[in-house]
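S.K.: Handing you this structure, nothing more for now.
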Amino acid sequence: MKKNNVILIGFMGSGKTSVGKSLAERLSYHFKDTDKLLEQRVRDTISNIFAVHGEEYFRSLETELIRELREDMDHTVLSTGGGLPIREINSSILKDMGYVVYLRASKETTLKRLAKDTGRPLLQVDNQDKKIEDMLRIRTPIYESVAHEIVDTDDKSIDEIANLIMRSYRGL
Ligand code: S3P
């Protein structure tokens, strides 16, 4: 594991982007976000990429992107799309790139945060509750196995979460 990058993983709505920005500021690190980088790269929104090319194509873009990031990422906090660690090849790259932190959120918190969201194509379904439950069941053990640290986010503010990660990261 490289010791000069922090990688945030977790389900949609777990706070990866907000926490990532706050953490990067505290550490005086760069901040990068895989979803943003991909949108810039293909000059389109995530929703359109899914709609036009499908999920598998999007997953290939993610793998290609983190392969490139692994080569030159330094002093960076990277927040990742919620599905990125699910591909085995991706999770091994992430572990290699830096200190991986899983921001864990319950189904209830996730539902609350994402109820009105329209930018996540995988959640534009009739029964969001069931969809999130099914996805969490599959993904949670994977997130847990990839992470060097797990932070429960349900009752914590962005600042509290960033502080917790700071402390353990500094103590490495
Ligand atoms: C996805 C999560 C999204 C985005 C895409 C797919 C997923 O990122 O990459 O909609 O499979 O969980 P966020 O976790 O930043 O919402």
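S.K.: Report, by residue number, each residue of region 146-162 that is more than 16 Å from the ligand (Cβ to nearest atom) and in contact (Cβ under 8 Å) with a residue 60 or more places away in the chain.
M.R.: Within region 146-162, 148, 159, 162 qualify.
S.K.: Can you tell me which residue within region 29-44, out of those that are more than 10 Å from the ligand (Cβ to nearest atom) and either of a type in the set (A, V, I, L, M, F, W, C) or not in a helix (DSSP H, G or I) (or both), is nearest to residue 121 (Cα to Cα)?
M.R.: This residue is 44.
S.K.: Continuing with this model, one more query. Looking at 169, 143 in this structure, which one is within 11 Å of the ligand (Cβ to nearest atom), of a type in the set (Phe, Trp, Tyr) and either in contact (Cβ under 8 Å) with a residue 40 or more places away in the chain or surrounded by fewer than 16 Cβ atoms within 10 Å (Cβ to Cβ) (or both)? Quick ask: steps written out before the conclusion?
M.R.: On the way: 169 fails: within 11 Å of the ligand (Cβ to nearest atom).
Of 169, 143, the one residue that is within 11 Å of the ligand (Cβ to nearest atom), of a type in the set (Phe, Trp, Tyr) and either in contact (Cβ under 8 Å) with a residue 40 or more places away in the chain or surrounded by fewer than 16 Cβ atoms within 10 Å (Cβ to Cβ) (or both) is 143.
S.K.: While we're on this one: Taking the options 26, 87, 59, name whichever one is under 16 Å from residue 146 (Cα atoms) and not polar (S, T, N, Q). Let's see the steps before the verdict.
M.R.: On the way: 26 fails: under 16 Å from residue 146 (Cα atoms); 59 fails: under 16 Å from residue 146 (Cα atoms).
Selected residue: 87, the only one of 26, 87, 59 that is under 16 Å from residue 146 (Cα atoms) and not polar (S, T, N, Q).
S.K.: Any residue at all in region 11-24 that's buried (at least 18 other Cβ atoms within 10 Å of the Cβ), among the aromatic types (Phe, Trp, Tyr) and away from the ligand (no atom under 16 Å from the Cβ)? I'd like the intermediate steps shown before the answer.
M.R.: We begin by selecting, within region 11-24, every residue buried (at least 18 other Cβ atoms within 10 Å of the Cβ); these are 11-16, 19-20, 22-24.
Okay, now just the ones that are also among the aromatic types (Phe, Trp, Tyr), so 11.
The next check asks that each one be away from the ligand (no atom under 16 Å from the Cβ); those that pass are none.
No.
Let's see how each residue does on (1) among the hydrophobic types (A, V, I, L, M, F, W, C); (2) farther than 19 Å from residue 34 by Cα; (3) touching a Lys or Arg at 6+ places or on another chain (Cβ under 8 Å); (4) crowded, with 20+ Cβ neighbours inside 10 Å:
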position	(1), (2), (3), (4)
75	no, no, no, no
118	no, no, no, no
151	yes, yes, yes, yes
156	no, yes, no, no
159	no, yes, no, no
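S.K.: Additional query: Only residues that are among the β-branched types (Val, Ile, Thr), within 12 Å of the ligand (Cβ to nearest atom) and under 25 Å from residue 25 (Cα atoms): list them for region 67-94, please.
M.R.: Going residue by residue through region 67-94, those that are among the β-branched types (Val, Ile, Thr) are 76-77, 80, 86, 89, 93.
Now restrict to residues that are within 12 Å of the ligand (Cβ to nearest atom): 80, 86.
Matches in region 67-94: 80 only.
S.K.: Out of the residues in region 45-69 meeting the condition of being surrounded by 14 or more Cβ atoms within 10 Å (Cβ to Cβ) and charged (D, E, K, R), tell me which one is farthest from residue 122 (Cα to Cα).
M.R.: Within region 45-69, the match that is farthest from residue 122 (Cα to Cα) is 62.
Each reported figure results from applying straightforward, stated rules to the coordinates on display, with no laboratory input. Please read all numbers here as calculations on a predicted model, not as lab measurements. Using ideal geometry, Cβ is built from the backbone for each residue, glycine included, and neighbour counts are taken over all protein chains shown.
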